[in-house]
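Report on the structure given below.
The values are calculated or read from the model by the stated rules, or taken from the named source; none is laboratory data. Quick caveat, the model's predicted, so the values are computed rather than measured. As a convention, Cβ positions derive from the backbone with ideal geometry for all residues, glycine included, and neighbour counts pool all protein chains shown.
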Amino acid sequence: MEFSISEKIKEFKAELGENVDLVAVSKTKPNQDLMEAYDAGQRNFGENKVQEMTDKSEALPKDIQWHMVGHVQTNKVKYMAPYVNLIHAVHKMKLLKEINKRAEENDRIINCLLQVKIAEEDSKYGMSPEELRAFLKDEKLSELKNVNLKGLMGMATFTDDEAQIHREFSVLKSLYDEVSQEMPDFDTLSMGMSGDYKIALEHGSNMVRIGSSIFGARK
Ligand SMILES: *Cc1c(COP(=O)(O)O)cnc(C)c1O
């Protein structure tokens with residue numbers, strides 16, 4: 001039997017409980033599907049393309065919190081700066097500076113996560129642990145008053161080897177615990193997608209990004 005989107009939302013909320021945030025990743029899906037999730041109480045939606053997210057944000061209810069979960073090109077930041085709630089995949093200073101500049105223009109403070117590369121695949125963006133430590137020590141950070149660094153995000157390798165996924169998430173959790181000590185606003189560890197969120201939860205994820213298990217497979 002096929003479960004409806006609203007049933008899936010309720011199921012996930014019950015499973016995740018109060019301490020884990022659910023980001024419903026709605027990329028490629030029509031507004032009607034997002035509204036079905038919205039009517040079931042979902043307010044956090046994730047997209048991976050700025051243009052698509054902006055179109056949806058204009059058409060859909062204003063109390064939706066929009067998460068940019070994908071790789072962001074610097075020249076696209078200005079389009080989402082007026083409304084984006086959390087940018088998950090900041091991987092370099094140049095991008096963070098641009099987010100800060102556009103946030104300032106909009107008189108906002110934009111929440112960001114730093115993406116760490118934990119997967120073996122070359123295709124995944126993100127900083128190495130060493131780059132992250134250096135990044136957080138960079139003196140330029142304290143000048144960026146319109147961004148708020150809230151935590152880390154990572155994607156595990158797409159593999160059937162569960163031991164490897166465990167290893168990768170545990171690396172990210174240790175790093176999160178380590179750097180959180182110096183970062184008072186850190187409270188978010190975004191890890192886990194449809195295929196691996198249960199493993200991510202075992203390693204202390206408090207924000208999961210679920211697409212296909214809610215909305216069905218993407219074309
Ligand atoms: C698409 C996407 C997701 C959701 O993936 P599913 O496997 O469909 O749950 C999560 N995070 C990021 C960064 C994505 O691009």
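Taking the residues in the stretch 82-94 that are within 19 Å of Gln115 (Cα to Cα) and part of a loop (DSSP other than H, G, I, E, B) as candidates, determine which candidate is farthest from the chain's Cα centre (by Cα). Let's see the steps before the verdict.
First, the residues of the stretch 82-94 that are within 19 Å of Gln115 (Cα to Cα): 84-94.
Remaining after also requiring part of a loop (DSSP other than H, G, I, E, B): 84-85, 91-92.
Working: Val84: 12, Asn85: 10, His91: 12, Lys92: 16 Å.
Only one residue fits best here, namely Lys92.
Have a look at Gly151, Gly204 and point out the one that is under 14 Å from His88 (Cβ atoms), touching a helix residue (DSSP H, G or I) at 6+ places or on another chain (Cβ under 8 Å) and not aromatic (Phe, Trp, Tyr).
On the way: Gly204 fails: under 14 Å from His88 (Cβ atoms).
The unique qualifying residue is Gly151.
Given the structure, is Ala59 aliphatic (A, V, I, L, M), closer than 21 Å to Asn106 by Cα, more than 16 Å from the ligand (Cβ to nearest atom) and surrounded by fewer than 16 Cβ atoms within 10 Å (Cβ to Cβ)? Spell out the reasoning first.
Values: aliphatic (A, V, I, L, M): yes; closer than 21 Å to Asn106 by Cα: yes; more than 16 Å from the ligand (Cβ to nearest atom): yes; surrounded by fewer than 16 Cβ atoms within 10 Å (Cβ to Cβ): yes.
Yes: the conditions hold for Ala59.
Looking only at residues in the stretch 177-219 that are in a loop (DSSP other than H, G, I, E, B), within 11 Å of the ligand (Cβ to nearest atom) and within 17 Å of the chain's Cα centre (by Cα), which one is nearest to Ala24 (Cα to Cα)? Write out each step before concluding.
Looking only at the stretch 177-219, we keep the residues that are in a loop (DSSP other than H, G, I, E, B), and these are 181-187, 192-196, 203-206, 211, 216-219.
With within 11 Å of the ligand (Cβ to nearest atom) added as a condition, the list becomes 192-196, 211, 216-218.
In the following step, the residues that additionally are within 17 Å of the chain's Cα centre (by Cα) were identified as 192-196, 211.
Values: Gly192: 12, Met193: 10, Ser194: 10, Gly195: 14, Asp196: 15, Gly211: 6 Å.
Per the stated criteria, the residue is Gly211.
Mind checking which pairs have a first residue in the stretch 185-204 that is closer than 15 Å to Val23 by Cα and a second that is near the ligand (Cβ under 8 Å from one of its atoms) and hydroxyl-bearing (Ser, Thr, Tyr), Cβ under 8 Å, 6 or more apart or different chains?
Matching pairs, first to second residue: Ser194/Ser212; Ser194/Ser213.
Cβ contacts < 7 Å: first residue free of Cβ contacts under 8 Å to residues at least 24 places away in the same chain, restricted to the stretch 157-184; second residue in a helix (DSSP H, G or I) and surrounded by 16 or more Cβ atoms within 10 Å (Cβ to Cβ), any location; separation 6+ or different chain. Result?
Matching pairs, first to second residue: Thr159/Ile165.
Looking at the stretch 98-111, can you tell me whether even one residue there is closer than 22 Å to Ile214 by Cβ, buried (at least 19 other Cβ atoms within 10 Å of the Cβ) and modelled with pLDDT of 95 or more?
We begin by selecting, within the stretch 98-111, every residue closer than 22 Å to Ile214 by Cβ; these are none.
No, because not a single residue in the stretch 98-111 is closer than 22 Å to Ile214 by Cβ, buried (at least 19 other Cβ atoms within 10 Å of the Cβ) and modelled with pLDDT of 95 or more.
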